[in-house]
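The values are calculated or read from the model by the stated rules, or taken from the named source; none is laboratory data. Remember, predicted model here, so these are calculated numbers, not experimental data. Here Cβ is always computed from backbone atoms with ideal geometry, including for glycine, and neighbour counts include all displayed protein chains. Please note that ligands, DNA and RNA were not included when accessible areas were found on the heavy atoms of the full protein model with its side chains. Shrake-Rupley method; radii C 1.70, N 1.55, O 1.52, S 1.80 Å.
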Amino acid sequence: MESKKIDVWVGLFVLIGAAALLFLALKAGNLLSLNFGPTYDVTAQFDNIGGLKSGAPVKSAGVVVGRVAGIQFNNQTFQAKVTLALDQRYQFPTDTSAKILTSGLLGDQYLSLDPGASSKNLQNGGVIQNTQSAVVLENLIGQFLYNKAASSNSGSSNAAAK
């Protein structure tokens with residue numbers, strides 16, 4: 001009888017430990033959002049979203065004010081249309097700008113909102129016009145190498161002309 005009681009307690013302890021590990025894994029991967037308050041949807045279009053994913057945080061001044069609700073491709077403008085679910089508690093002016101930034105060593109990306117100075121606020125279904133795409137490291141390295149190659153070629157052609 002005593003053995004069954006210990007087995008139940010050990011099983012309960014293991015179950016609680018597994019639930020805690022699952023919770024931590026979801027929080028670390030930005031896959032868990034425990035905000036059940038009312039939200040309003042706003043869209044923004046970007047030329048390049050890099051590695052931004054649905055569920056990524058939307059931050060303003062370092063504070064999480066919402067989540068990326070969805071990402072779609074716009075066939076007319078050939079841009080990525082990002083839908084943001086912003087917490088109803090936080091109101092942003094219509095001239096707010098949005099940019100995609102990278103956080104941490106793992107390179108997780110999030111969307112940052114910089115409020116403008118307009119007296120009108122964004123409403124449900126509003127559009128953020130001022131956007132800045134993600135900085136893609138591969139593109140920067142390619143531009144650097146191209147510029148280095150171009151400058152070394154022009155230097156060698158100038159030496160040959162003398």
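Restricting attention to segment 54-101, which residues are of a type in the set (D, E, K, R) and exposed (fewer than 15 other Cβ atoms within 10 Å of the Cβ)?
The first filter runs over segment 54-101 and keeps only residues of a type in the set (D, E, K, R), leaving 59, 67, 81, 87, 89, 95, 99.
Hit for segment 54-101 is Arg89, nothing else.
Within 30 Å of Asn124 (Cα to Cα) and at pLDDT below 80 - does that describe any residue in segment 11-25? Write out each step before concluding.
So in segment 11-25, the residues within 30 Å of Asn124 (Cα to Cα) come out as none.
No, there is no match, as no residue in segment 11-25 is within 30 Å of Asn124 (Cα to Cα) and at pLDDT below 80.
Could you grab me the full set of residues in segment 124-149 that are more than 24 Å from Asp87 (Cβ to Cβ) and open to solvent by 50 Å² or more (accessible area, probe 1.4 Å)?
Our first condition is that a residue be more than 24 Å from Asp87 (Cβ to Cβ); within segment 124-149, this holds for 133, 135-149.
Selection gives Val135, Leu137, Glu138, Asn139, Leu140, Ile141, Gln143, Phe144, Leu145, Tyr146, Asn147, Lys148.
Return a yes/no flag: does segment 35-42 have any residue that is in a loop (DSSP other than H, G, I, E, B) and closer than 17 Å to Asp114 by Cα.
As a first pass, look at segment 35-42 and keep what is in a loop (DSSP other than H, G, I, E, B): 35-38.
When the remaining residues are screened for being closer than 17 Å to Asp114 by Cα, the result is none.
So far as segment 35-42 goes, no, none of its residues is in a loop (DSSP other than H, G, I, E, B) and closer than 17 Å to Asp114 by Cα.
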